[in-house]
Amino acid sequence: MTVSIKSPEEIAVMRSAGRQAAELLEMIGEHVRPGVTTDELNDLCERYTTQVLGCRSAPLGYHGFPKSICTSVNHVVCHGIPNDKPLRKGDIVNIDVTVIKDDFHGDTSAMFSVGTPSVLARRLSETCYEALWVGIRMVGPGVRLGDIGHAIQTYAEARNYSVVREYCGHGIGREFHEEPQVLHYGIPGTGLTLEPGMVFTIEPMLNAGKRHVKLLADGWTVVTKDHSLSAQWEHMLVVTDTGVEVLTLRADEKQP
């Protein structure tokens, strides 16, 4: 496993890309409402990315992906393709955005509720968000990836949610997906030892039912096998000399 250590100059560019990805999520959140289609959300994001941020949308054309963002509604775990189906009251949707600025990627995702969510959906989303931060707070030089995955898994399973195992966080930089793979489950004391300058995502996917998933015929959309609700949150971060810096913080967030 060869993991890229980013230079201070590269981290500065990724910090800017991360801010712009966060801004894109902040913008689109105001448009998530009953009756809007995920295609419309996609088109808004594409225009904002190119015309306002001056960036490119990384998902568009990536290994043939047809849209600029991923929109994963209700029981869709990840990689949902925007379409012309209107969102309905009570839906939950993960919007996953990645921008390219000066050849470097900024990658983040968040959950949004369409109107008032059910108690189950709200608790799932809140638990998934906190699980993300359980992992982030552990990051620092000398920490093993297995420790981070174990902490996320322990937190989620103690609250009766299951952790999706087929998809994970990843290194990121000039390439969309780099080493290492960042699992959201694991065994303490195992895995890669973190070093300053490593940049990667943590993006746990939690299911309200069982952890098992299936890939639909479109080759992208991943859903829960038991049709239970799923949630995901994602941040991009860099390991610093003393801990961690989250590169995709939104305006309503504060790093502990």
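Here r is the Cβ-Cβ distance between Asp43 and Glu9 and R0 is 51 Å; the resulting FRET efficiency, rounded to 0.05, is 0.90. With a 10 Å cut-off between alpha carbons and a GNM built on the chain, which of Val97, Val52, Val199 moves the most? Looking only at Val97, Val52, Val199, the largest GNM fluctuation is found for Val52.
The stretch between Glu26 and Glu253, if pulled fully straight at 0.36 nm per residue, gains 80.6 nm over its current Cα-Cα span.
Using just its DSSP H runs of length 4 or more, each adding -39500 (n - 2.57), the chain gives a mean residue ellipticity at 222 nm of -8500 deg cm²/dmol after division by all residues.
Solvent-accessible area of region 54-114 (1.4 angstrom probe, protein heavy atoms only): carbon and sulfur portion equals 48 percent. When a 1.4 Å probe is rolled over the protein heavy atoms, the share of accessible surface on region 145-256 that falls to carbon and sulfur comes to 50 percent. In the context of the full set of protein chains, residues of the chain present 43 Å² of accessible surface per residue (probe radius 1.4 Å, heavy atoms only). Applying 1/(1 + (r/R0)^6) with R0 = 22 Å to the Cβ-Cβ distance of Lys89 and Glu126 gives a FRET efficiency near 0.70. Does the chain come out rounded, prolate or oblate, given a ≥ b ≥ c as the square roots of the eigenvalues of its C-alpha gyration tensor, rounded meaning a/c under 1.5 and, failing that, prolate meaning a/b above b/c? Note, shape of the chain comes out oblate. Other residues lying with their Cβ under 11 Å from the Cβ of Ser118 contribute a combined charge of +2, Lys and Arg counting +1, Asp and Glu -1.
What is region 36-181 by shape, rounded, prolate or oblate, if you read a ≥ b ≥ c off the alpha carbon gyration tensor as root eigenvalues and call it rounded for a/c under 1.5, prolate for a/b larger than b/c, and oblate otherwise? Oblate. Overall, region 184-256 carries a charge dipole of about 420 debye about its Cα centre when +1 sits on the Cβ of Lys and Arg and -1 on the Cβ of Asp and Glu, all other atoms neutral.
The values are calculated or read from the model by the stated rules, or taken from the named source; none is laboratory data. These figures come from a predicted structure and were not determined experimentally. So basically every Cβ, Gly included, is an ideal-geometry build from the backbone, and we count neighbours across all protein chains shown. Heads up: the accessible areas ignore ligands, DNA and RNA and are worked out on the full protein's heavy atoms, side chains in. Shrake-Rupley method; radii C 1.70, N 1.55, O 1.52, S 1.80 Å.
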